[in-house]
1. So with the 1.4 Å probe, I'd like the accessible area per residue for the chain, rounded to whole Å².
2. If amide hydrogens are placed 1.01 Å from N in the peptide plane, which non-local residues have theirs closer than 5 Å to the one on ARG49?
3. Quote to one decimal, in nm, the extra length available between GLN91 and ARG67 on full extension: 0.36 nm per residue of separation minus the C-alpha distance between them.
4. For the chain, set up a GNM with springs between Cα atoms under 10 Å and report which of LEU86, LEU25, LEU138 has the largest fluctuation.
5. How much length would be gained if the chain were fully extended between ARG99 and ASP23, taking 0.36 nm per residue of separation minus their Cα-Cα distance, in nm to one decimal?
6. Let me check against my output: what whole-number percent is the relative contact order of the chain, with C-alpha pairs under 8 Å and at least 6 apart?
7. Against the empirical 2.2 N^0.38 Å scaling, what ratio does the C-alpha Rg of the chain come to?
8. In whole percent, and with a 1.4 Å probe on the protein chains, what portion of the accessible area of segment 1-147 is carbon and sulfur?
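The values are calculated or read from the model by the stated rules, or taken from the named source; none is laboratory data. Please read these numbers as outputs of a predicted model, since none were measured by experiment. Glycine gets a Cβ as well: all are built from the backbone with ideal geometry, and neighbour counts include every protein chain shown. Accessible surface is based on the protein model in full, side chains and every heavy atom, while ligands, DNA and RNA are left aside. Shrake-Rupley method; radii C 1.70, N 1.55, O 1.52, S 1.80 Å.
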Amino acid sequence: MRSQQGADPGAGLLAALSAEHRDRLLGLAREVTHPGDTRLFEEGEPADRFWIVRTGVVALDIQIPGRGRAVVETIGAGGLLGWSWLCPPRQWHLGAETRSPVVAWEFDAEEVRRRCAADPGFGLALVTLVAETIGHRLRATRTRLLDLYGPLGSTPRP
């Protein structure tokens, strides 16, 4: 399992946006705090928000029938938590639980989508960064599942 603390494309999410787009996004944020061991969302639930983690760690997991949850990745400071809000049917593809106290910026997905539609430049910049995160998460999930269930030596090399 690879931790995203410092290496994740989401860590650069705000830095990768222009100052104008960063200010526009942060203008939609509200600061939230969650204690450790807090379940934030479950697979299949409606994805109506997302977060940028400021401090703390959140574990992303997948429910494996008959085995329970398996952590596929962790998100640390600067990381984007949640991308399912962007893609129909807008249901969480993974679950998430805080591993420590977390402070984050929370965003209302519907409002962010509305702003993206109203400002195509902002929308393209944000969607591009979210797409990078989606790709990273898919690779991390595949690697973790191969670690857990693949034949010996089947984990892809970096």
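1. Details: 8070 Å² over 158 residues.
It amounts to 51 Å² per residue over the chain.
2. ALA109
3. Values: separation 24, 0.36 × 24 = 8.64 nm, distance 2.21 nm.
6.4 nm is the gain from fully extending GLN91 to ARG67.
4. Highest fluctuation among the options: LEU138.
5. Working: separation 76, 0.36 × 76 = 27.36 nm, distance 2.89 nm.
Additional length available on full extension: 24.5 nm.
6. Numbers: 306 pairs, mean separation 49.7, N = 158.
The value is 31 percent.
7. Values: Rg = 15.6 Å, N = 158, 2.2 N^0.38 = 15.1 Å.
Here the Cα radius of gyration is 1.04 times the empirical estimate.
8. Values: 3710 of 6990 Å².
Carbon and sulfur together cover 53 percent of it.
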